[in-house]
Amino acid sequence: MDCIFCEIAAGRIPAKKVFEDEDVIAFLDVNPTSFGHTLVVPKTHVKNFMEADAAIIGKVFGTASALGKILQEKLGASGMNLLSNAGESAGQSVDHFHVHLIPRYDDRTKEALTLEFGPMDLDLDQVLAKIR
């Protein structure tokens, strides 16, 4: 079998489609982390956002922006997480670029998605020097 997202985009595997045009398909995640969790996927196979060209990125993120507003309004979400993993160590489980739209709700604080931001014992000048 080919890439599962390519199969969905080609119509060979059914999905609960939220949106589709000639370049992008969006469908409900079968393993959601919140009510309304939706994947936005280019129909063209590309491994992740770092390998996608600017046109594909623009189409996927443009669709994600528009859909995020619709999901928030229709589902009564109070916020939205937008997430794209690149590489297995980052949690990417399907090697096809996709964006997660994860609606968030004030009354559901214990849903599965957790990202913790906080101070780390880092020399930011050293980090910046490595990047430059």
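The values are calculated or read from the model by the stated rules, or taken from the named source; none is laboratory data. Bear in mind the structure is a predicted one, so any value in this text is a computation, not a measurement. Every residue, glycine among them, receives a Cβ derived from its backbone with ideal geometry; neighbour counts consider all protein chains shown.
One line per residue, one yes/no per condition, for (1) surrounded by 13 or more Cβ atoms within 10 Å (Cβ to Cβ); (2) closer than 13 Å to V18 by Cβ:
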residue: P32; (1), (2): yes, yes
residue: H45; (1), (2): yes, no
residue: N48; (1), (2): yes, no
residue: I57; (1), (2): yes, no
residue: K74; (1), (2): no, yes
residue: L82; (1), (2): yes, no
residue: A90; (1), (2): no, no
residue: V94; (1), (2): yes, no
Boolean, E111 is surrounded by 11 or more Cβ atoms within 10 Å (Cβ to Cβ), modelled with pLDDT under 95, of a type outside the set (G, A, S) and not in a helix (DSSP H, G or I): yes
For D106: the one exception among (1) part of a loop (DSSP other than H, G, I, E, B); (2) more than 13 Å from the chain's Cα centre (by Cα); (3) at pLDDT 90 or above: (3)
Residue within the stretch 23-33 that is at negative phi, at pLDDT 95 or above and in contact with a Phe, Trp or Tyr (Cβ under 6 Å, 6 or more places away or on another chain) present: yes
